[in-house]
Structure formats: C-alpha cells, structure tokens
Amino acid sequence: MLTKKQRELLLFINDRIKETGVSPSFDEMKEALDLASKSGIHRLITALEERGFLRRLAHRARALEVLKLPESAVPQGTGRAPFRPSVISGAADVGRKVAAAVRSSMIPVMGRIAAGTSIEAIEHETHKVAAPDDDFDPDTHFALEVSGESMINAGILDGDTVILKRTETAQSGDIVVALINEETATLKRFRKKGGSIALEAANPAFGTQIFGPDRVRIQGKLVALVRKYH
C-alpha cells in the first residue's frame, strides 16, 4: 500500500518518462508535489524502491525506471503498463538499420557542467556529439559541455566538450564527474586521502574539496575531449 505522496510521485515520474523519455529532475518533482525540500523527494524515492515500484539506473544521475504502477493506475488484470511491440518490416527495415548505425556513432551530451563550481546534477540529454572513433559506445559513454576554468592546467578549457565513460570507480589521478550528496555534480581530479576523497582542481586559483566516501559517487571518467575552434 502506497501513501498518497508516494503514489503521486510515482505517477508523476511515469507520466514524465512517457512524455519525454527521461525522468524528471528533483526540482520538478519537488514542485509537482509541493514539497519544501528535495530531501522529502529522496525519502519518497527510497520508499518506492524498497516496495519494488522504482529502480535507480546505475551510472546515471537521477535516472529512474518505473517497474510497476499501483493496480488502480493500470488496466485491470495487469500489474504494469501494457506492452506495445515495435514492428519493423519490408524495405523500411534497411533505412532504419542505416539510421541506427549513424546514431550509434553519436554520444549524448547530458548538459553543461561547471568545472569551477558545483552545479545542479546532470540530468537530461540536450544534443549529441560525434564520437572520436568506433570504440565510443553511446550506451557506455556520455558527454558534457564544460563551463569554468578550474581544470585549465589539465588542458580542459571553458567551452570544451568532455567525453566520459560511465563508471562508479576511479583511480587516484583520474579526472571524473563526481556526484556530491546526490545533488550536485562537478568535474575534478579524483584522489584518495586516507579514508576521505579529495576532488582537486587543475588551477591554483581553486581549492581542493574533501569529502567522506559516502558523500561522493563517481558518475564517469574522462576519456576524450572535443574542442571547437572559431
């Protein structure tokens, strides 16, 4: 049995995913449920996970999958939304395969990240960028546009696009996108400092941030960079 707020949130997430293909941001969920803070949304999502209604997708900030809906919200006799098959036939199949091959070489850009100051966590795809080569799979890689100058001594400039491999682990010295407190994301060099984690800038004008390991979650590791010249 779900509480009223749990049910409202689940249906809101499900409707948004059906409309846009992506889950809503925590701010959108907070506004939709008229809650005062995002901590309430965290608690509701955790409760829905524990009851088997939601699942957080690995390596993606705030990406959610609806596993089932309350019985009163789906057609009678089922425990989930009806399956609608996608049918491909005839000559159109060739065109779709060609289009799929083209799409497979494009890496999704998941927004703009501040290299100097933490920003709201990356959420939704904004556009795509061509992959440097065939080794970059869009299912395992994503890109971000860089804003700020805290990583300039690592060769990462304001306006660059960084390509990252999705991972939850990193070695000391790797440049990563780190999710802090499940709310904000930043591009920094990862270091292990005893039992703590240091997120280092590559610019002496910016300080190093130190966190406990439970406050930092790695989202991806830098593997390539794209720069446009005007």
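The values are calculated or read from the model by the stated rules, or taken from the named source; none is laboratory data. For clarity, every value in this text was computed on a predicted model and none was experimentally measured. Here Cβ is always computed from backbone atoms with ideal geometry, including for glycine, and neighbour counts include all displayed protein chains. All accessible areas refer to the heavy atoms of the entire protein, side chains included, with ligands and DNA or RNA removed. Shrake-Rupley method; radii C 1.70, N 1.55, O 1.52, S 1.80 Å.
Before moving on, here are some points about what is shown:
- Residue that is most open to solvent (accessible area, probe 1.4 Å) [pool: residues in the stretch 1-14 that are farther than 18 Å from Leu57 by Cβ and outside any loop (DSSP other than H, G, I, E, B)]: Lys4
- Residues located in the stretch 15-55, provided they are charged (D, E, K, R) and either crowded, with 17+ Cβ neighbours inside 10 Å or on the phi > 0 side of the Ramachandran plot (or both): Arg16, Lys30, Asp34
- Any pair with Cβ under 7 angstrom, 6 or more apart, that starts in the stretch 158-181 at a residue that is touching a residue at least 60 places away in the same chain (Cβ under 8 Å) and ends at one that is among the polar types (S, T, N, Q) and in a loop (DSSP other than H, G, I, E, B): Arg166/Thr140; Ile180/Ser118
- Evaluation of Asp160 against (1) within 25 Å of Ser105 (Cα to Cα); (2) more than 16 Å from the chain's Cα centre (by Cα); (3) of a type outside the set (Phe, Trp, Tyr); (4) open to solvent by 10 Å² or more (accessible area, probe 1.4 Å) (one fails), failing number: (4)
- Any chance Lys165 is closer than 22 Å to Pro132 by Cα, modelled with pLDDT of 90 or more and open to solvent by 80 Å² or more (accessible area, probe 1.4 Å): yes
- Within the stretch 130-141, residues that are closer than 12 Å to Met106 by Cβ reach partners that are of a type in the set (Ser, Thr, Tyr) and at pLDDT below 85 with beta carbons closer than 6 Å, at six or more positions or on different chains, in the pairs Ala131/Ser105.
- For the stretch 92-129, the candidate set comprises residues that are open to solvent by 60 Å² or more (accessible area, probe 1.4 Å) and in contact with a strand residue (DSSP E or B) (Cβ under 7 Å, 6 or more places away or on another chain); within that set, the residue that is modelled with the lowest pLDDT is Glu120.
- Qualifying residue in the stretch 165-172 (condition: among the hydrophobic types (A, V, I, L, M, F, W, C) and closer than 16 Å to Gly111 by Cβ): no
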